Structures are given as structure tokens and as C-alpha cells.
1. Scan Glu275, Glu246, Glu282, Glu239 and give me the residue that is within 23 Å of the chain's Cα centre (by Cα) and in the same structural domain as Pro316 (by TED's automatic domain parsing).
2. Criterion first (in a helix (DSSP H, G or I), outside the structural domain of Ile312 (by TED's automatic domain parsing) and small (Gly, Ala, Ser)) does Ala422 satisfy it?
3. When the residues of the stretch 121-154 are narrowed to those that are under 20 Å from Thr360 (Cα atoms) and of a type in the set (Phe, Trp, Tyr), which ends up modelled with the lowest pLDDT?
4. Looking at Asp126, Asp200, which one is acidic (Asp, Glu) and in the same structural domain as Asp91 (by TED's automatic domain parsing)?
5. Could you check how many residues of the stretch 64-96 are of a type in the set (Val, Ile, Thr) and either under 27 Å from Ser211 (Cα atoms) or not in a helix (DSSP H, G or I) (or both)?
6. Among the numbered criteria (1) closer than 25 Å to Phe387 by Cα; (2) touching a Phe, Trp or Tyr at 6+ places or on another chain (Cβ under 7 Å), which one does Glu277 miss?
7. Identify all residues within the stretch 422-436 that are among the hydroxyl-bearing types (Ser, Thr, Tyr) and under 15 Å from Phe215 (Cβ atoms); write none if there are none.
8. Strands (runs of 3 or more DSSP E) wholly in the stretch 224-337 with at least 3 residues that are crowded, with 23+ Cβ neighbours inside 10 Å and not aromatic (Phe, Trp, Tyr) - which ones?
Amino acid sequence: MKKAAAIVLSMAMALSMAACSSSSSSSSTPETTAPESSVETEGSEETTGGSVYYLNFKPEADAAWQALAKTYTEQTGVLVEVKTAAEGQYDSTLTAEMDKDHAPTLYQMGNQGALNSWGDYALALDGTDVVNEMTTDSFNLVNEDGETVSIGYCYEAFGIIVNKALLTKAGHDISEITNFETLKAIADEIHANAETLGFDAFTSAGLDGSSSWRFSGHLANMPLYYEFRDDGITEQPAEIKGTYLENYKNIWDLYITDSATTGSDLLTATGDQAEAEFKSGEAVFYQNGTWEYANLTTDNGDGITPLNPEDIAMIPIYCGVEGEEKAGLCCGTENCWAVNKESSEEDIKATLDFLYWVVTSEEGTTMMAEQFGPCPFKNAKEPENVFFQDANAYTAAGNYVVTWAFNYTPAVDDWRAGVVDALGQYTAGTGEWSAVETAFVQGWALQYANENQ
């Protein structure tokens, strides 16, 4: 099934609301038992009727969703089952789960590729209570009939997270970093003096599946964004040119050179490893997003002392593009809910009721603010995330927003896998950069053709 679609994507509107993952965790929720049509919970009367099955794609938010689901069931008697796909396996997990009698009633559909694949399963949400609670439709997905079939429930930003305290120890200030040239100069100096300083420039740029999305998705956004900006691309293109792949190489080479972990060791380095390196003060720079704030600043049982929020900030990903001194953070979302219209009427109603509760209740809005940051709902709480403050500060200063061009990626998992494979060979010294360019450009055309044949 292939459907033409339009993605309503207005970054200016979203950011005017103080809005701007994939994560560091690679674990997944174990299989759970299918919900019964009747459930009795402590503190509630026996309830019959619909239930909710949410296939979540953010492993780092699994515990929060499980706790919220339990609270809702205790309050209402309606069973909410949450299953979380393993990192980088959401597409394949969704395919398998949708083929079962007990299919998800709520799932993620956050980009053009997902809309092409799963749009026919998506319920039109216009006029529902949860949509009526929204303060913007800037990141919602609309099908060819003009129906809202997936709603963006939060906005995120990513860039290079900086430990300002370590940067000061190295004799520098964050205000010095305004482009790739200044970033590289400082990173080179820190790396050269790492043994004396006791820390290095960058965390490990791991290409394990728990980490590689940061580079095949988020870092790849840089050449895509600038090419699409120059060429006026506003919908998914059948082909790309790779105009800015030399800039992609600039920043990748910096990541894999000015780090304690280099070469073939990066092929198995994980997302958890990079997070721990940054949190424990082993590196000054760490490419990641706003979703990392809670992991870095709270005690999550990993035995590492949390970072002081005042000591961390997020700067743009600089890669040597002319005029990047006026760049801001990369802002957008792939966090969009879709409701499975193939579910029973009872389950659809239960799912819509659950979503309304999530975006209006004290419990739901608290969790959403803590886990996801700015959310486009009337009752949303203000997050205490300094990275969003950084995003807003760049915008207020007149810097341009680097929008999420990677949302246009065709067959996203397959395309990224090809890029990661080529990056791995280049990084380990067994392949040339030209293979990365081929995976990037020819891989795009191939995956687009496969999706649109």
C-alpha cells in the first residue's frame, strides 16, 4: 500500500510555543500477556469492555509508560498494556504485532515512510477529545484525504551536549564555539591533552544498534537539511544529491578522532557507554537530544552521580557549512500517536479515552513533561529541561532552526542500516568514504523506488 500524503511541519509555530528519539537504552519490554475483556484491579470495580495496547518506540520511556498504565488501570479498571520495541526495531516489531489477532490499538507513525506503510490502519482523529486539547497541529500527519491520522505529542531538539564545567577546566568557554572551525580547534586541544586533563573531547561515537541512530539519523540530518534548504525540497524526494556529504565527513572524522574510543572499537560501542562516559565526566562533548536531560541529571540507579543542570548546555551540530554561525538546534519530532482503526469499537473508545486522560490528568501531564519536554496540549506542564531553554535562546537571537529533514527518509531502517554499515567500514579502516556516499545517495534512491514501485 502506497499513499501520497502531506506532512504539516511548521517549525516556527512550534518554537514560538517554546517547543522544539531514540535513546541511550537498548532494552525492550518483555512479552506481556494479552489483555482479557474483563479485568479486576485493586481499588476499582470489575470492568468489561475495551482495553488499550500501546506499542511504544522509546525504550528510555518504557518504565514511565508502564507506571502510568498501571495507574490508569487502578483508577478506571481499563487494562492498558504497554510493549516497547527494541532500539531500531520498531518497524519490524510493528509489522509483526499488526499481523496478530491481538494487535496494537495505539502505535507510532511519525514520518512520511510510516505514513506510507501504516496510514491505511490509522483512524481519522479530527474532532476527537484528545485532538481538541491540542494547541498546535504543526507536527501532525495528514493523509491524502486531508484527515489527521497521527498527532505529534511532543517536540524535541538535538545537538551537541556540552559539559561546561569540564570545558572551563580545559581553559575554554562555551561562547567560543560558534562554528566547526572553533569546535574542532577546542576539541583537538582537549584530545591532545586528555591524559593531563583526565577527560577527552567526545564520548564514543558507537555504531552498535543502541547508538548508531545518532549518526545515521540525527547526524545525517545535517547534510540532508542543508541540501533540502538549498533546493527548496518540501516533500519526500525520489533522489538526493549528497551536496553536503563532505560536511558530514568533517564532523564524523572529528567524533572518531578526538575521543578515547576510536577505530574498530566503535563498531561495538553502545549508547549506554556514551551516556556513562559523559555523565561520569570522561568527555566534554556528547551528541544527543533533549530526551537525555533526565538521564543525565537524575539518579537512575547507575551508580553515577547526576550532573548539575547548570553545568550542561546544548549547542548546534557544526559541520563547516557557510553561515552556520547563525544555526540553531535541530528541532522537530517523530513522536506521533496513531490509533488502529482495525481495532474493535470498544478498544478504539478505550484508547481515545486513555489518550485524553494522559494529556489532561495530573499524572499524565506530569509524566509527559518529565519524559518528553514541551507538549502541545492545553494542560501541559512546563518542563525543567535546560536544553529547551538553549533551543529557545538560539531562536530568540535570530538563529535559524535546523528542521528534521530525516523525517523524509524512505524505508528508514533499511536506509540507515546501509549507511551504518558503510560508516563502520570507514571507521574501522576497512572501507573508503566513497562507500558512505554511495550508501547515502544511491541507497536513498533504491529505498524510495522499493517503497513506490
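1. Glu275
2. no
3. Phe139
4. Only one candidate passes the filter, namely Asp126.
5. Total meeting the criteria: 6.
6. The failed condition is (2).
7. Those that are among the hydroxyl-bearing types (Ser, Thr, Tyr) and under 15 Å from Phe215 (Cβ atoms): Tyr426, Thr427.
8. Here the list reads 283-289, 327-332.
The values are calculated or read from the model by the stated rules, or taken from the named source; none is laboratory data. Computed from a predicted structure; not experimentally measured. Cβ sites come from the backbone with ideal geometry, for glycine too, and all protein chains shown count toward neighbours.
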